[in-house]
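*Asks:* Got a structure for you, written out below as structure tokens; questions coming shortly.
The values are calculated or read from the model by the stated rules, or taken from the named source; none is laboratory data. Please read all numbers here as calculations on a predicted model, not as lab measurements. Cβ coordinates were reconstructed from backbone atoms using ideal geometry, including for glycine residues, and neighbour counts include every protein chain displayed. These accessible areas exclude ligands, DNA and RNA; they are computed on the full protein's heavy atoms, side chains included. Shrake-Rupley method; radii C 1.70, N 1.55, O 1.52, S 1.80 Å.
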Amino acid sequence: MSEYVKARELAEQARETEWARPSFAKQLFLGNFRLELVHPAPALDEAQTKRGEEFVRALRRFLDHRVDPALIERTARIPDEVVKGLAALGAFGITIEEEYGGLGLPHLYYSRALILVGSYSPALAAMLSAHQSIGVPQPLKLFGTPEQKREFLPRCARGEISAFLLTEPDVGSDPARLATTATRDGDDYVLDGVKLWTTNGVVADLLVVMARTGGKISAFVVDARAEGVTVRRRNAFMGLRGIENGVTEFSGVRVPARNLIGREGQGLKIALTTLNTGRLSLPATCAGGAKWAVKIAREWCNARVQWGRRVGEHEAVARKLAFVAATAYALEAVVDLSSRMADDESYDIRIEAALAKLFASEMAWQVGDELVQIRGGRGYETAESLAARGERGVPAEQILRDLRINRIFEGSTEIMHLLIAREAVDAHLSVAGELVSPDASRQERARALKRASRFYARWLPTLVAGTGNLPASYGAFGPLARHLRYVERTSRKLARCTFYGMSRWQAGLEHKQGFLGRIVDIGAELFAMTATCVRAEEDSRDLGRRPLELADTFCGQSRLRVDALFARLWDNTDSQDARLARYLLDGRYTFLEEGILDPSIEGPWIGAPSGGENVHRPIP
Ligand SMILES: Cc1cc2nc3c(=O)[nH]c(=O)nc-3n(C[C@H](O)[C@H](O)[C@H](O)COP(=O)(O)OP(=O)(O)OC[C@H]3O[C@@H](n4cnc5c(N)ncnc54)[C@H](O)[C@@H]3O)c2cc1C
């Protein structure tokens, strides 16, 4: 079996295939725009709202008075007092149930807390979210035994920091080659291996470790102080300078068998399920960054005058302002809706969370880039340097550096495209699977053809017309109704295009990453438009026309992106690009590299540190 097939099969086994609860986004990809699933957006009860608001207010006060984000950036370290203060507020156990010592707040307020922290210090937001969204609390909440919850959740809620360790030097997007082993020995497992890029790992008390038990991957809670655990290095990055990210080595580490999460072999499923809601934390920090960009862009564009006008009045800059503001509104709407759906628990939000992560990380990066451009030379200058020469120390270049990683970790954009596309074409695969499978026999194909014909004979006609074709539909949304009609029509068009792609390339579709990526990006825009309209309709009850203006502009911009994506589904240079990339890999164009000098430091492309002191530094 090829490496590729092995990796794909492993990912497939870890995938949840059941859809017991309704999924708005899955239906969207099938051409079935079910607005009633998300409008009105699920609401919280008054008591939860009151407690949530109180917590966010207390957090805001703490950040404002006790946290210096410039110090975190300058020293590349979050002071211990900040960690302790956050722990005292309950910020390490926001969603952990009260019976385990947490605040037991709904996901919506976890997201709002991360929007707030993300706007102020993205490194601090990364610490809180790595601990709560992928560290020990979330997998235990979903898969832990009552004993495990009683043992570990109170520690997590108190502020013992946790980290999630999947990545290894040779294992990134594709966990099939995971090399860390957990060998059963009596009442223990013995762990050996190296984990890379462990956010929080340098200061962690508890670790979730993915390791191979026989041929399968399993998940364990490991005490970071256990004998044989060594943090070999603290890594430094382009952004998020304050994060405590390391390389952790396991050498004969004994872990009690009772610390196995779920069953042996369930590790990847646990990791993926954890991320179903865990993935919402990055969109929240992205929305925080984008909202901050709105404030800076507005203040700066009013203050700066060039060519006799405020710079925000020059059309080229005005367009950027409109993009920054409309996108920030949309990102918050996506986070708000997805979080409410997560709290409601009657939805399956795995696709929404993945779309939110993909969309927010890509769009926030563009917002950060536009902010730097709007600030001109000052956008490129560090906050410290600006302040040192007597100007306001605005960290625009920092937000750009800090935001960049969101497109890479917790599922890179390329992997999110594949993961979501897999769900989008799932309906087709389940009816036409054997038809497109290269291994199917003639009989199997004949049976599949019959089944598929029956399905498509019923399904395709439903994609021809719908409520989006009726000029009066979605009237309750006022000026936004036309955008919802567009979403409805476009959802059907998206399903038709997915079907055409499926019939055209059949089993080869999984390699058509350009096509699949665009299908997914269109779905993400449609979801964002829906969330934005839903939020604006609600907000307009208190705020009048203003949210409608933002939503209208966002939808206008989004529709242009969608139209361009549709055009490029069929008219693109994908095949030509793939051919050129192959030639490039084969060395055909090395002449292009003449006349340059490579400043890289010599070393292997992939390696692991060995020896050196233990830099593990748990916070007392
Ligand atoms: C600051 C930081 C913090 C991190 N925190 C953690 C953490 O706490 N815990 C943890 O376990 N990991 C963590 N990571 C690791 C992170 O999740 C990985 O970097 C990420 O999953 C990508 O893996 P990789 O870097 O090995 O890229 P690779 O897998 O080597 O990929 C390289 C490129 O190829 C693309 N690619 C790979 N496979 C495919 C494919 N099949 N189709 C199309 N494109 C593909 C990728 O998108 C990427 O662009 C962190 C990384 C960083 C930098």
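*Asks:* Can you give the extra length, in nm with one decimal, that the chain gains between R310 and E384 once fully stretched, where that is 0.36 nm per residue apart less the Cα-Cα distance?
*Replies:* Working: separation 74, 0.36 × 74 = 26.64 nm, distance 2.54 nm.
Additional length available on full extension: 24.1 nm.
*Asks:* Based on DSSP H assignment, which helices of the chain show an axial Cα extent of at least 24 Å together with a mean Kyte-Doolittle hydropathy greater than or equal to -0.5? Each step should come with its number before you reach the end.
*Replies:* On the way: long enough: 46-66 (29 Å, -1.30); 281-303 (34 Å, 0.14); 315-344 (43 Å, 0.50); 350-374 (36 Å, 0.44); 442-459 (25 Å, -1.51); 481-505 (36 Å, -0.88); 513-543 (44 Å, 0.15); 546-570 (38 Å, 0.01).
The answer, listed by residue number, is 281-303, 315-344, 350-374, 513-543, 546-570.
*Asks:* Something else: Hey, what's the range 186-248 come to in accessible area per residue, 1.4 Å probe, Å²?
*Replies:* On the way: 2050 Å² over 63 residues.
I get 32 Å² per residue for the range 186-248.
*Asks:* Let me ask another. Under the classification rounded if a/c is under 1.5, otherwise prolate if a/b is larger than b/c and oblate if not, where does the chain fall, given a ≥ b ≥ c as square roots of the Cα gyration tensor eigenvalues?
*Replies:* Values: a/c = 1.34, a/b = 1.06, b/c = 1.26.
It comes out rounded by the Cα gyration axes.
*Asks:* List every residue whose amide H lies under 5 Å from the amide H of V203, counting only residues 5 or more places away in sequence or on a different chain, with H placed 1.01 Å from N in the peptide plane.
*Replies:* Counting only residues 5 or more places away or on other chains, the set is R617.
*Asks:* Students often check this: by mean Cβ neighbours within 10 Å, which of 271-278, 172-179 ranks highest, and how do the rest follow? Don't skip to the end; give the middle numbers.
*Replies:* Details: 271-278: 21.8, 172-179: 16.5.
Result, highest mean Cβ count within 10 Å first: 271-278, 172-179.
*Asks:* Under a 5 Å amide H to amide H cut-off, with H placed in plane at 1.01 Å, what residues pair with E244 once short-range neighbours are removed?
*Replies:* N200
*Asks:* A follow-up question, please. What number comes out for the charge environment of L71, summing +1 per Lys or Arg and -1 per Asp or Glu over other residues with Cβ under 12 Å away? Let's see the in-between values first.
*Replies:* Working: positive: R66, R74, R77, R241; negative: D68, E73, E81, E384.
Here the charged neighbours net out to 0.
*Asks:* Also: How many percent of the accessible area of the chain is carbon or sulfur, using a 1.4 Å probe?
*Replies:* Accessible surface attributable to carbon and sulfur in the chain totals 52 percent.
*Asks:* Now for a separate question. Heavy-atom accessible area per residue, the range 1-143, 1.4 Å probe: how many Å²?
*Replies:* Averaged over the residues of the range 1-143, the accessible area is 45 Å².
*Asks:* So, by mean Cβ neighbours within 10 angstrom, what's the order for 110-116, 213-219 with the highest one leading? Don't skip to the answer; put the middle values down first.
*Replies:* On the way: 110-116: 26.3, 213-219: 18.6.
Output ranking for 110-116, 213-219: 110-116, 213-219.
*Asks:* Give the peptides 468-480, 248-260, 496-508 in descending order of average Cβ contacts within 10 Å, highest first.
*Replies:* Values: 468-480: 14.9, 248-260: 18.6, 496-508: 16.5.
Highest mean packing first, the order is 248-260, 496-508, 468-480.
*Asks:* Evaluate the relative contact order of the chain (contact order divided by residue number), counting alpha-carbon pairs under 8 angstrom at least 6 apart; express in whole percent. Write down the numbers at each step before the final one.
*Replies:* On the way: 1009 pairs, mean separation 100.1, N = 620.
Relative contact order of the chain: 16 percent.
*Asks:* Also, I was wondering about something else. What shape does the range 79-187 have by the C-alpha gyration tensor, where a ≥ b ≥ c are the square roots of the eigenvalues, rounded means a/c under 1.5, and otherwise prolate means a/b greater than b/c and oblate the rest? Mind dumping the intermediate values first?
*Replies:* Numbers: a/c = 2.05, a/b = 1.35, b/c = 1.53.
Taking the square roots of the gyration eigenvalues as a ≥ b ≥ c, the range 79-187 is oblate.
*Asks:* So if R0 is 22 Å, what FRET efficiency would N614 and N235 give, r being the distance between their Cβ atoms, rounded to the nearest 0.05? Walk me through the intermediate numbers first.
*Replies:* Working: r = 15 Å, r/R0 = 0.69.
In this case the efficiency is close to 0.90.
*Asks:* Note down the relative contact order for the range 373-482 as a percent, whole number, built from C-alpha pairs under 8 angstrom at least six residues apart.
*Replies:* Working: 53 pairs, mean separation 12.2, N = 110.
Reported relative contact order: 11 percent.
*Asks:* For the range 184-252, what does the alpha-carbon gyration tensor say about shape, rounded, prolate or oblate, given a ≥ b ≥ c as the root eigenvalues, a/c under 1.5 as rounded, and a/b over b/c as prolate? Please report the intermediate quantities before stating the final value.
*Replies:* On the way: a/c = 2.51, a/b = 2.00, b/c = 1.26.
Taking the square roots of the gyration eigenvalues as a ≥ b ≥ c, the range 184-252 is prolate.
*Asks:* Related question: Which one, F237, L153, S430, projects farthest toward the positive side of the charge dipole computed for the chain from Cβ point charges (K/R +1, D/E -1)?
*Replies:* S430
*Asks:* Skipping prolines and chain starts, which residues have an amide H placed within reach, meaning under 5 Å, of the one on R184, given they are 5 or more residues away or on another chain?
*Replies:* Long-range HN contacts for R184: V190.
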